[in-house]
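As structure tokens, the structure follows; a few thoughts come after it.
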Amino acid sequence: MEPLPRQRRRTTVDEEEPTTTTAIYDVPDDLLWQILLRLDSPLWLVRAACASKPLRRAIITGGRAFLRLAASLHPPVVVGHYHECYVRPTEFVPLSPPPPIDGSRFSLDFLPRHVTNWEVADCHGGLVLLHDYFGSLQGLIICDPLTRRYQGIPHPPEKRPGFSFSLLDGGGDGDGISISNFRVLYRFQRAPHICVFSSTAGGCGEWRFLRQSADHGGDYIGHVAGRIDGSLCLGLATGNVKVLDNASLLPSEVDLPIRIDTSRSLHRSAFTVVHGAGRDPTSPAATWIVHVYGEELEFFRQVRGGEWVLEHSIPKLSEAARGLLGCQERRLEWAVANVIAVGTGIAVLQARDRVGRMWVFSVDMDTKELKVVPDEDYRRTRRTFTYTLPWRQFLRACPC
């Protein structure tokens with residue numbers, strides 16, 4: 001007689017082997033960093049830190065190195081622009097659509113009343129620098145709209161026609177720029193003289209003249225085109241671009257493959273730096289330089305290794321925009337075009353014809369697509385200053 005097959009013993013639910021579950025508390029910090037690095041705004045990092053202790057712990061343990069890496073992988077977060085207008089004081093205009101933050105936080109209404117008619121000189125790292133256009137001896141004012149703090153800066157030791165002010169990162173441990181750690185570059189456009197103001201603890205500071213060699217005497221003249229890797233970028237009307245090293249302030253020339261013949265007319269070259277997102281969440285942020293010469297435009301993109309390549313060109317902006325304006329039957333002829341604002345991967349162009357009529361366009365830096373912008377948004381605008389959220393200062397206090 002054959003033995004009966006061995007019956008399998010049934011197990012109850014209580015006797016089954018326990019299943020293991022993985023919670024966010026079990027995820028190592030290095031994996032959380034890879035997730036957090038894909039967030040393209042410090043606002044999302046703040047919200048992540050507030051929503052979960054493990055995420056907050058990962059951000060804190062990552063420290064400055066993590067925040068520097070996050071900032072390098074994503075373009076500066078543009079929340080709006082300070083508009084310098086012809087007929088009214090400076091006003092802050094949020095982006096459209098606005099970012100998820102209250103735009104009224106960036107109003108300058110917390111400054112002393114006599115400052116309302118001053119002009120914005122520069123915006124950098126979440127700070128705004130203002131000066132009196134008419135040359136008052138009251139000096140400068142630097143403020144932080146996020147914390148609504150401000151302080152005065154003594155007047156430079158010497159003042160000449162054609163001056164300009166620019167904000168620079170502070171000195172010390174390389175912790176970027178803050179209301180207590182910053183520098184101001186004061187340039188005389190018509191003479192090779194430069195002063196630098198360095199803040200110190202307690203809100204004090206001093207001006208000093210920057211020593212210049214004979215080789216670099218004239219390399220500090222030009223308009224501010226933007227910032228590349230934290231260093232100030234200067235554009236010259238003759239068609240050259242210089243970068244001032246953030247630490248040493250020594251200039252170096254940017255090798256742009258310019259194809260426009262800048263010697264054949266009375267136009268002047270103007271350059272603007274535009275930042276955008278990388279190809280994917282883990283690739284470095286994209287950087288372009290827009291060159292405008294009359295109606296001609298060139299778009300240069302920085303590729304790996306720091307090389308600049310000509311990515312696109314518009315030989316005549318009026319011809320490229322004719323279909324957008326519905327002006328196929330009549331000839332457009334514009335005297336000059338200019339970049340008056342930038343966003344994340346966006347440049348805003350203003351063009352005027354020879355009788356003063358104005359058109360405004362936006363250019364998508366990835367696709368180079370032109371779009372018409374309602375001129376009501378920029379009708380009274382002379383120039384704009386882009387305000388970006390600072391990565392490091394915005395996340396400085398994040399206790400467990």
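Since every read-out is calculated from the coordinates, none of them should be taken as a lab result. Bear in mind the structure is a predicted one, so any value in this text is a computation, not a measurement. A quick note on method: Cβ atoms are made from the backbone with ideal geometry, for glycine too, and the neighbour counts reach across all protein chains shown.
Shape verdict for the range 225-380, please, from the Cα gyration tensor: rounded (a/c under 1.5), prolate (a/b greater than b/c) or oblate.
Prolate is the answer for the range 225-380, as a/c is 1.5 or above and a/b outweighs b/c.
Please find the FRET efficiency linking ALA320 to ILE35, where r is the Cβ-Cβ separation and R0 is fixed at 60 Å, and quote it to the nearest 0.05.
0.90
Residue by residue through the range 230-240, which ³J(HN,Hα) values in whole Hz follow from phi under the Karplus form 6.51 cos²θ - 1.76 cosθ + 1.60 (θ = phi - 60°), with glycine and proline marked x?
x, 9, 6, 10, 10, x, 9, 4, 7, x, 10
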